[in-house]
1. Suppose each label sits 7 Å from its Cα in the direction of the beta carbon; what would the residue 211-residue 238 distance come out to in nanometres?
2. How much of the calculated P(r) for region 34-131 lies past 17 Å, in percent of all Cα pairs?
3. If we sort 33-45, 222-234 on the protection proxy, mean other Cβ atoms within 10 Å, highest first, what's the order?
4. Suppose the chain between residue 192 and residue 57 were pulled fully straight at 0.36 nm per residue; how much longer would it get relative to their current alpha carbon spacing?
5. Length gain on complete extension for the stretch residue 118 to residue 82, per 0.36 nm per residue less the alpha carbon to alpha carbon distance?
């Protein structure tokens, strides 16, 4: 599961790690909270954003973060101040735990990067107790305003050889529901979790994409300066058009309300 995309913990935490932390409280609320005394497994914990939020906001007795990246785990361990939180190396497709080891097993912004998501889902179910909770969340690529999707739209528009990363099959509520159902889970529910992604300017967003650990940085780094400038301009125009369309829809809604 680990690739060269997932090695620089500081750069990852500066980008995706921050958004994961913002998303974490909403994710915990969606799964119905985590009860006192629960053993919780965070699959693909990265630098520990979700793991630490669980420790900070719930009364779980044990919180285990597991990830294949040595660099991420070193970062998480260095920042761990909780006696009941541990970080272990391992693969989502072959979790090193006995059946029914956890009350709750969750995974945030990871499943689309696992080579065999079906196997990972079954593994998460296996290590969870009967009537326990298993949950995941991914970025929505089913048509919503998701910055990474719009980045790759712009990249493909200027470079036919650009390839989106991750498995886009799971970027919709129906796809995630199908994945969970196929893994044998009952009472499957989906919902939209909306978080703000705030930047001081487009240049601020571009700086994060160009420097934070992840697929956009690798792709941007592979381009010549000329191609990089073309992509930057096209991406800015794409976001501007979407922003203007959103404003127009808002004005139309106000007009309908006023009428």
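The numbers here are math on the coordinates, done by the rules we state, and not lab data. Being a predicted model, the structure only gives us computed values, none of them experimental. Glycine also receives a Cβ, built like all others from the backbone with ideal geometry; neighbour counts cover every protein chain displayed.
1. 2.3
2. Looking at region 34-131, the distances longer than 17 Å represent 45 percent of pairs.
3. Put in order of decreasing packing, that is 33-45, 222-234.
4. Extra length from residue 192 to residue 57 when fully extended: 46.5 nm.
5. Values: separation 36, 0.36 × 36 = 12.96 nm, distance 3.22 nm.
Length gained between residue 118 and residue 82: 9.7 nm.
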